[in-house]
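Here's the structure we're looking at; comments come further down.
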Amino acid sequence: MRLEKMFIFVLIFLIGFLFANMINFYLVYGLENPFSNNIFFNNNSKEAPYDFIKEDKIEVFQDKVIIHIDGASLSRYAPTGSMIPVLDEGSNGIRIKPRSEEDVHIGDIITFEKENELIVHRVIEKGIDEKGIYYITKGDNNDIVDGKTRFKDIKYITIGILW
């Protein structure tokens with residue numbers, strides 16, 4: 001009898017645990033099917049970033065390179081390893097502030113704010129839900145995506161990386 005009670009207790013605990021995680025998953029990712037197109041785990045999308053710097057904006061000289069970009073700034077990266085091999089703490093980035101939702105493309109590397117932290121990850125999906133346009137991002141070296149990011153949280157788009 002005691003073994004039966006313990007089995008029932010464990011079963012109820014496991015059902016509650018699974019149910020709580022399903023609710024949490026729904027609250028984070030919404031109603032979309034999270035496993036469709038393999039976007040939430042191990043996304044192997046190889047979308048290249050948008051070509052922000054056109055050839056006529058680049059001048060190469062013997063002792064310097066000049067890139068004409070309005071509003072560009074330099075960025076450095078934390079040693080998290082989430083974007084290896086593309087960038088890491090030794091990389092120097094060139095970034096711009098996006099002006100509209102149309103400036104952000106699948107394949108772009110963006111800097112966005114989440115829970116008062118700046119995160120630099122790649123856009124792997126762009127969609128629309130009841131709140132408007134959202135972006136799904138993931139570190140190139142991560143297995144799980146970050147969830148939905150809104151345009152208001154995007155601070156920069158990385159348009160170039162120098163090693």
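Scan the stretch 51-65 and give yes if some residue there is under 26 Å from Gly132 (Cα atoms) and touching a strand residue (DSSP E or B) at 6+ places or on another chain (Cβ under 6 Å), otherwise no. So far as the stretch 51-65 goes, yes, one or more of its residues are under 26 Å from Gly132 (Cα atoms) and touching a strand residue (DSSP E or B) at 6+ places or on another chain (Cβ under 6 Å).
Looking at Asp56, is it exposed (fewer than 10 other Cβ atoms within 10 Å of the Cβ), without any contact (Cβ under 8 Å) to a residue 24 or more places away in the chain and not in a loop (DSSP other than H, G, I, E, B)? Please lay out each step first, then the result.
Numbers: exposed (fewer than 10 other Cβ atoms within 10 Å of the Cβ): yes; without any contact (Cβ under 8 Å) to a residue 24 or more places away in the chain: yes; not in a loop (DSSP other than H, G, I, E, B): yes.
Spelling it out, Asp56 is indeed exposed (fewer than 10 other Cβ atoms within 10 Å of the Cβ), without any contact (Cβ under 8 Å) to a residue 24 or more places away in the chain and not in a loop (DSSP other than H, G, I, E, B).
Considering every residue within the stretch 86-102, establish whether at least one is touching a His at 6+ places or on another chain (Cβ under 7 Å) and outside any loop (DSSP other than H, G, I, E, B). No; the residues of the stretch 86-102 include none that is touching a His at 6+ places or on another chain (Cβ under 7 Å) and outside any loop (DSSP other than H, G, I, E, B). Condition first: within 14 Å of the chain's Cα centre (by Cα), of a type outside the set (Ser, Thr, Tyr) and surrounded by 16 or more Cβ atoms within 10 Å (Cβ to Cβ). Now tell me which residues in the stretch 93-115 satisfy that. Those that are within 14 Å of the chain's Cα centre (by Cα), of a type outside the set (Ser, Thr, Tyr) and surrounded by 16 or more Cβ atoms within 10 Å (Cβ to Cβ): Val104, His105, Ile106, Asp108, Ile109, Ile110, Phe112.
Of the residues making up the stretch 79-87, not a single one is modelled with pLDDT of 95 or more, under 17 Å from the mean Cα position of the chain (by Cα) and hydroxyl-bearing (Ser, Thr, Tyr). Confirm whether Phe41 is modelled with pLDDT of 70 or more and either within 18 Å of the chain's Cα centre (by Cα) or hydrophobic (A, V, I, L, M, F, W, C) (or both). No.
Screening the candidates Gly90, Gly81, Gly71 for the property of being loosely packed, with under 11 Cβ neighbours inside 10 Å and closer than 19 Å to Trp163 by Cα yields one hit, Gly90. Scanning the stretch 88-120 for residues that are under 18 Å from Asn141 (Cβ atoms) and in contact with an Asp or Glu (Cβ under 9 Å, 6 or more places away or on another chain) yields a count of 6.
Annotation: of all residues in the stretch 124-163 being in contact (Cβ under 8 Å) with a residue 40 or more places away in the chain and among the charged types (D, E, K, R), the one that is farthest from Ile109 (Cα to Cα) is Asp129.
The values are calculated or read from the model by the stated rules, or taken from the named source; none is laboratory data. These numbers come from a predicted model, not from an experiment. All Cβ positions, glycine included, derive from the backbone under ideal geometry; neighbour counts span all protein chains shown.
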